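Each remark here refers to the structure printed beneath this line.
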Amino acid sequence: MTGIVALYIFMLAAFTGYEIIARVPVILHTPLMSGSNFVHGIVLVGAMVALGNADTTLEKVIGFTGVLLGAGNAVGGYVVTERMLEMFRSSGAKAKQKGSH
Amino acid sequence: MLGGFDASFVVQASYFVTAVLFIMGLKRMSSPVTARSGILWAGAGMVVATLVTFLYPGMSNYELIIAAIVIGSLLAWWSGKRVAMTDMPQMIALYNGMGGGAAAAIAAVELYKHAQGDAHTLTISVLAVIGGIIGAVSFSGSLIAWAKLDGKINKTLRFAGQKFFNMLLLIGALVAGGMVALHLNASPLFVTLIFAFALLLGIAMTLPIGGADMPVVISLYNALTGLAVAFEGFVLSNAAMIIAGTVVGSAGTLLTQLMARAMNRSIGNVLFSNFGESGGAAGGPVTGSMKPIEATDVGVMMAFAEKVIVVPGYGMAVAQAQHKVWEMCQLLIDRGVTVKFAIHPVAGRMPGHMNVLLAEAGVPYDLIADLDEINAEFETADVALIIGANDVVNPVARTDKSSPIYGMPILNADKAKNVIVIKRGQGAGFSGIENALFFLDNTRMLYGDGQKATAALIAAIKAVG
């Protein structure tokens with residue numbers, strides 16, 4: 001990947017993130033923060049590559065810690081976001097029922 | 001190696017799919033109707049990316065990778081399922097810190113390799129250093145935020161020249177990073193110094209910040225971790241990391257600004273002014289006295305009201321009173337009372353913290369209104385019931401220029417005909433600022449734990465018949 005292409009990706013992704021949040025209702029701020037917290041769990045993939053290329057013991061220890069932490073970020077982020085959003089669904093369903101009769 | 005199978009292409013194509021799934025997932029999470037499916041989309045993206053990374057060319061140490069994933073996942077799964085909804089903010093802080101730590105670990109591996117003669121280009125090593133510093137700050141800072149919110153650290157560390165000390169730590173990290181990146185002295189010692197300084201900086205930055213500001217701080221560290229991930233994505237030429245990290249970085253920055261604005265403060269102010277624990281002596285003297293009331297009287301008052309607005313705050317979360325509160329409101333609704341919930345943007349410890357708790361209790365979200373929607377309605381409300389909220393209803397924010405919260409938009413609960421405050425004791429709020437609302441003529445104090453007081457109110461409303 002050339003530097004300038006990477007820069008384009010960076011710029012477009014920054015606008016994307018801004019647009020996603022710009023019109024979000026306050027009610028979803030915490031789930032969305034939690035959801036974006038999950039999304040940066042993609043760091044796991046980078047940590048796997050780092051550990052996969054580690055040679056010395058020091059590199060392996062640090063790489064192992066990185067994968068451990070990255071997996072924690074991804075899985076933990078997913079579980080708490082899912083639990084939070086689960087509640088929104090049930091309350092939404094209830095709200096609909098209330099409106100229908 | 002596998003015939004015509006091009007592993008590198010498969011990996012890159014799958015990362016592309018992952019990036020699309022992440023963006024679609026986040027987009028779906030930004031609307032209440034599709035939110036639930038949003039996390040599934042993003043989750044599918046994560047699984048694809050993780051599996052396909054095993055095909056990454058030139059890797060070894062597979063048994064270590066699998067062991068680390070299994071251990072990390074199991075621990076996080078167990079803790080994430082077990083945590084109570086009221087403790088969500090600190091868990092998000094903790095998982096976020098882990099992400100920052102992972103980004104710092106990638107930087108550390110790459111920089112140690114760089115120091116060992118496996119030199120990177122200048123651009124790449126500079127990005128690795130910056131991403132590493134940000135990740136390490138986010139890691140140690142988030143751990144402190146977690147410990148503070150979880151009540152493991154109660155003290156705030158402050159000393160003269162603290163900002164100067166923090167600045168020295170930052171300069172130390174940058175200088176060590178510069179030495180390594182420019183190959184002036186790219187020894188493992190200097191690589192270690194970068195991270196030592198950065199980790200200390202995260203701790204020193206977060207320790208003096210008071211609990212009231214933690215929502216903003218967690219959101220900020222979330223954005224920082226995203227940025228660190230993006231930088232390490234550049235180092236590894238990993239488009240999925242660049243896109244996901246940058247999206248989170250910019251979305252998180254905007255979210256942090258929204259939160260800071262709701263408190264009428266800048267992010268710099270949050271980080272450097274030490275608000276949230278200080279200010280006990282600030283603000284003019286408040287005249288009048290707090291007038292107590294019994295639960296039975298409040299029950300009658302609400303049962304015969306036309307409109308009741310409930311203002312929940314962190315106290316409701318601490319007392320786990322959300323279920324009881326909704327049970328009480330249902331009784332009122334059945335009697336024909338109009339009930340609404342007024343949520344201040346920074347009520348609780350995170351934006352939307354109250355919404356999550358009320359959703360847990362089953363409150364339909366058409367009853368929940370935010371500041372702009374509800375503020376004009378307080379004047380027509382018979383009762384404003386404050387449960388564990390304090391600074392967000394303090395009229396001092398409108399009038400007293402000497403108060404630290406002057407200018408912060410507040411819920412106009414004081415405009416209601418009757419104001420009932422459920423509060424544990426007579427002490428000042430989280431910020432230590434005396435609340436003028438409690439001393440108004442139309443305010444009555446119902447002392448007690450949120451859960452017990454609400455249970456007493458339920459009994460009182462039922463007794464009305």
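Residues that are among the β-branched types (Val, Ile, Thr): list the helices (runs of 4 or more DSSP H) wholly contained in segment B:213-275 that include at least 3 such residues. Break it down into steps so the answer makes sense when it comes.
On the way: elements: B:214-235, B:239-262, B:267-272.
Where helices (runs of 4 or more DSSP H) fall fully within segment B:213-275 and carry at least 3 residues being among the β-branched types (Val, Ile, Thr), they are B:214-235, B:239-262.
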Which of (1) among the hydrophobic types (A, V, I, L, M, F, W, C); (2) more than 8 Å from chain A (Cβ to nearest Cβ); (3) open to solvent by 10 Å² or more (accessible area, probe 1.4 Å) does B:Ala239 not meet, given it meets every other one? (2)
For B:Ala359, which of the numbered conditions (1) open to solvent by less than 10 Å² (accessible area, probe 1.4 Å); (2) at pLDDT 90 or above; (3) facing chain A (nearest Cβ under 10 Å) fails to hold? (2)
Could you run through segment B:16-41 and say how many residues are closer than 30 Å to A:Glu59 by Cβ and open to solvent by less than 20 Å² (accessible area, probe 1.4 Å)? 3
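Give the residues of segment B:129-171 that are among the hydroxyl-bearing types (Ser, Thr, Tyr) and either in contact with a Phe, Trp or Tyr (Cβ under 8 Å, 6 or more places away or on another chain) or surrounded by fewer than 21 Cβ atoms within 10 Å (Cβ to Cβ) (or both), sorted by residue number. Steps first, please.
Here is the first cut: in segment B:129-171, the residues among the hydroxyl-bearing types (Ser, Thr, Tyr) are B:138, B:140, B:142, B:156.
Listed by number, the residues that qualify are B:Ser138, B:Ser142, B:Thr156.
Considering only segment B:133-172, state which residues are among the hydroxyl-bearing types (Ser, Thr, Tyr) and either modelled with pLDDT under 85 or closer than 10 Å to B:Leu201 by Cα (or both).
Filtering segment B:133-172 for residues among the hydroxyl-bearing types (Ser, Thr, Tyr) gives B:138, B:140, B:142, B:156.
The answer is B:Ser138, B:Ser140, B:Thr156.
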Cβ-Cβ distance below 8 Å, separation of 6 or more or different chains: which pairs start in segment B:30-48 with a residue that is under 23 Å from B:Pro364 (Cα atoms) and end on one that is among the basic types (Lys, Arg)? B:Ser30/A:Arg23; B:Thr34/B:Arg28; B:Ala35/A:Arg89; B:Ala35/B:Arg28; B:Arg36/A:Arg89; B:Ser37/B:Arg28; B:Gly38/B:Lys27; B:Gly38/B:Arg28
From (1) open to solvent by less than 10 Å² (accessible area, probe 1.4 Å); (2) at the interface with another protein chain (Cβ under 7 Å from one of its Cβ atoms); (3) in contact with a Lys or Arg (Cβ under 8 Å, 6 or more places away or on another chain), pick out the condition that doesn't hold for B:Ala68. (3)
Note on B:His183: of the conditions (1) in a loop (DSSP other than H, G, I, E, B); (2) more than 24 Å from A:Met48 (Cα to Cα); (3) within 14 Å of chain A (Cβ to nearest Cβ), unmet is (3)
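Among B:Met59, B:Met88, B:Met24, which is within 7 Å of another protein chain (Cβ to nearest Cβ), in a helix (DSSP H, G or I) and aliphatic (A, V, I, L, M)?
On the way: B:Met59 fails: in a helix (DSSP H, G or I); B:Met24 fails: within 7 Å of another protein chain (Cβ to nearest Cβ).
B:Met88 is the lone residue from the list that is within 7 Å of another protein chain (Cβ to nearest Cβ), in a helix (DSSP H, G or I) and aliphatic (A, V, I, L, M).
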Got at least one residue in segment B:98-105 being over 21 Å from the mean Cα position of the chain (by Cα) and under 22 Å from A:Asp55 (Cα atoms)? yes
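The values are calculated or read from the model by the stated rules, or taken from the named source; none is laboratory data. Note that this is a predicted model, so its numbers are computed, not measured. Ideal geometry is used to build each Cβ from the backbone, glycine not excepted, and the neighbour counts take in all protein chains shown. These area figures cover heavy atoms from the full protein model, side chains too; ligands, DNA and RNA do not enter into them. Shrake-Rupley method; radii C 1.70, N 1.55, O 1.52, S 1.80 Å.
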